[in-house]
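Notes for the one structure printed next.
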Amino acid sequence: PAPCANDLHVKLSPPPPGVIRLLFLGDIFGDPGRRAVIDLIPKLKESAAIDFVIVNAENSAGGRGVTPKIAIALMRAGAAVITSGDHIWDQAEIIDYMAGEPRMLRPLNYPPGTPGQGSVVLETAKGKVAVMNAQGRTFTNPPLENPFLATAAEAARLREETPVIFLDFHAEATSEKIAMGWHLDGVVSAVVGTHTHVQTADERILPNGTAHLTDAGMCGPEDSVIGSRVEPVLQRFRTSMPARFFVAQGPVRVSGACIDVDTTTGRALSIIRVSERWSEP
């Protein structure tokens, strides 16, 4: 895999004909993460010749959930699809919004009848792109349907429309996220994990052509404990007593992955980790 694009705006030549370039940004945390992503998406699209942007926004509203206003702002900035995870219902107004906005996803392995949807197919200038969102079950609440069965069935359905399929797998356990990559190798174009807010350094193309990264990392304050102010978190660890957490401030790390996909076969051709430091303009 190519080296991580660290502390500099990613500069990439446009992909060749027949290749679509996807940018995925991991968990957006609070107002600092939102402002950084909204500012950087247009710049990254230009400098890295990005064709399609996906962002996970489940922590974008004060660290818990996402609101319609935030979702609209992210889409106006250039996000084509917004994914989520276990905090998707923390802001109640998102439920009605999701009913009329197919680009705002919740994990697909919720029971039938749950509001919203777990996948979407969108048309682009280079053909159709499908995005799936699923949630793991190991150390994660609420307990959902088996994501391995659910993603395999949904991927088979989506492949009838397009071979270009991206999965945001929102899970706690690294083993579960790695296993999902192998499970869908050759079936989807990319499996990228979210939820733990710490970017892993294991990006690779699996043997049958699926790009995999165990965790994309967080778009949030660097001087923090996975987005929250340090001192209240330390207090809780030191004393085992409840503490109220607040979104940290200061420079932001915008993390994710850039993936090139063959639009005919759906096979990933490259995956590059993205890690951009952003400060208030």
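The values are calculated or read from the model by the stated rules, or taken from the named source; none is laboratory data. Please read these numbers as outputs of a predicted model, since none were measured by experiment. Note: areas computed on protein heavy atoms with side chains; ligands, DNA, RNA excluded. Shrake-Rupley method; radii C 1.70, N 1.55, O 1.52, S 1.80 Å.
Reported to the nearest whole Å, the Cα centre-to-centre distance from the stretch 23-85 to the stretch 212-226 is 14. Between N109 and Q135, the built amide H atoms are under 5 Å apart, and every one of these is 5 or more places off in sequence or on another chain. Rounded to the nearest 5, the antiparallel percentage of DSSP beta bridges internal to the chain is 50%.
Solvent-accessible surface of the chain, taken per residue with a 1.4 Å probe and all protein chains present: 42 Å².
A helix-only calculation puts the chain at -7500 deg cm²/dmol for mean residue ellipticity at 222 nm, using -39500 (n - 2.57) for each DSSP H run of at least four residues, averaged over all residues. Less than 5 angstrom separates the built amide H of V19 from those of T263, all sequence-distant by 5 or more or on a different chain.
Taking the accessible area of the chain, probe 1.4 Å, and keeping the other protein chains in place, the carbon and sulfur fraction comes to 55%.
Each residue of the stretch 206-216 was assigned a 3J(HN,Hα) from its phi angle through the Karplus expression (A = 6.51, B = -1.76, C = 1.60, θ = phi - 60°), giving 6, x, 9, x, 9, 6, 9, 9, 4, 8, 6 Hz with x at Gly and Pro. Where (i) 18.4; (ii) 22.4; (iii) 20.5 are the candidate values, the label of the one calculated here for Kirkwood radius over Cα pairs in Å is (i). Dividing the mean sequence gap of close Cα pairs (under 8 Å, 6+ apart) by how many residues the stretch 129-173 holds gives a relative contact order of 62 percent. Answer rounded, prolate or oblate for the stretch 172-281, using the Cα gyration tensor with square roots of eigenvalues a ≥ b ≥ c: rounded when a/c is under 1.5, else prolate when a/b is larger than b/c, else oblate. Verdict is oblate for the stretch 172-281. Each DSSP beta bridge with both residues in the stretch 145-211 is either parallel or antiparallel, and the antiparallel ones are about 10%.
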